[in-house]
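Inspection log for the structure reproduced underneath, given as structure tokens.
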Amino acid sequence: MDGVLVREGLAIPGAPEFVKALRDAERPFLILTNNSIFTPRDLRARLSRSGIEVPEESIWTSALATAQFLSDQIPGGSAYAIGEAGLTTALYEVGYTLTDSDPDYVVLGETRTYSFEAVTKAVRLIQGGARFIATNPDTTGPSTEGPLPATGAVAAMIQAATGRSPYYVGKPNPMMFRSALNRIDAHSETTAMIGDRMDTDVVAGIEAGLETFLVMTGSTAAADVETFPFRPSHVVDSVADLVDLI
């Protein structure tokens, strides 16, 4: 989503037309984000404000992917969650009980304010046998005042205190793309991934068996592509270049 369709709250030129073309052609698609703070409803409203109209069911977050993964692993299980509405709502909707009493999982997601008390509780629960899951490995997140510590940074602190590594569900784990494929009943051979990051979007797309498009409207510059040991299927300036392919 960020860097491909929107940047700093504004639609990237060509993004509204690209999404409209997908919808007009009735081509199945999902908008993916590693951000676990917001619910699909929140994100739909954010996109709408930028001029991009999508239904809630066309948005797939790392929180939704994490909840689906946990439900597949232990249906109707329990979790101690550190995160905001995007994560807690997703867990609730798959039938999970949120508790700090002997949970099956400790689930770490994004939040604007990490509580030392909550992190301490997570450490003790993991030491007591709870499995450690994190929605994504991003170490920093953006803010108007500069980078903020994000899920991956806090997960590293918990890992150092417990000696237990988390399982990350979000990008670059291809698990997130595979769960998205299942969500829209799509096959990897007929699906493409459009992203702005080589180290998350492109590598996960390749590992999931997708055709990959790298756009230059986000965090990756053209000169950066050659520094990676893998390559996207295509490199384009922006999604505006892909409208005619729909």
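The values are calculated or read from the model by the stated rules, or taken from the named source; none is laboratory data. Keep in mind it's a predicted model, so treat the numbers as computed, not measured. In this analysis, Cβ positions are derived from the backbone assuming ideal geometry, glycine residues included, and neighbour counts consider all displayed protein chains. When the accessible area is computed, the model is the full protein with side chains, heavy atoms only, and any ligands, DNA or RNA have been set aside. Shrake-Rupley method; radii C 1.70, N 1.55, O 1.52, S 1.80 Å.
Rounded to the nearest 500, what is the chain's calculated 222 nm mean residue ellipticity when only DSSP H runs of at least 4 contribute -39500 (n - 2.57) each, over all residues?
On the way: 9 runs with 83 residues, N = 246.
Result for the chain: -9500 deg cm²/dmol, rounded to the nearest 500.
Applying 1/(1 + (r/R0)^6) with R0 = 41 Å to the Cβ-Cβ distance of Glu56 and Arg124 gives a FRET efficiency near 0.70. What shape does the stretch 1-135 take by its C-alpha gyration tensor, where a ≥ b ≥ c are the square roots of the eigenvalues and a/c under 1.5 counts as rounded, a/b above b/c as prolate, and the rest as oblate? Note, shape of the stretch 1-135 comes out prolate. Toward the positive end of the charge dipole of the chain, with +1 on the Cβ of Lys and Arg and -1 on the Cβ of Asp and Glu, the farthest Cα among Ile126, Thr61, Met175 is that of Ile126.
If only the Cβ of Lys and Arg carry +1 and only the Cβ of Asp and Glu carry -1, the dipole of the chain around its Cα centre is close to 560 debye.
Across the accessible surface of the stretch 78-223, with the other protein chains kept in place and a 1.4 Å probe, carbon and sulfur atoms take up 50 percent.
Per residue, the accessible area of the chain comes to 49 Å², computed with a 1.4 Å probe over protein heavy atoms only.
Extension gain, Gln73 to Val243, is 57.3 nm, computed as 0.36 nm per intervening residue step minus the present C-alpha separation. Highest mean packing comes first when the peptides 123-134, 101-112, 229-240, 168-179 are listed by Cβ atoms within 10 Å, giving 168-179, 101-112, 123-134, 229-240. To test your reading of the geometry: what angle, between 0 and 90 degrees and rounded to tens, separates the Cα axis of helix 151-162 from the longest principal axis of the chain? Long axis of 151-162 versus the principal axis of the chain: about 30 degrees.
The mean sequence separation of alpha-carbon pairs under 8 Å and at least six residues apart, normalised by the residue count of the stretch 1-158, gives a relative contact order of 17 percent.
Each of Tyr92 and Glu211 was given a label point 7 Å from its Cα along the Cα-to-Cβ line. The distance between the two points is 4.1 nm.
If you average the C-alpha positions of the stretch 191-246 and of the stretch 32-53 separately, how far apart do those two centres end up, in angstrom? A separation of 21 Å, based on Cα centres. Remark: spin-label model distance Ala222-Ile184 equals 2.9 nm, labels positioned 7 Å along the Cα→Cβ axis. Once the Cα-Cα distance is subtracted from the 0.36 nm per residue extended length, the Asp24 to Thr113 segment shows a gain of 28.0 nm. Relative contact order for the stretch 77-126: 45 percent, from Cα pairs under 8 Å spaced at least 6 residues apart, divided by residue count.
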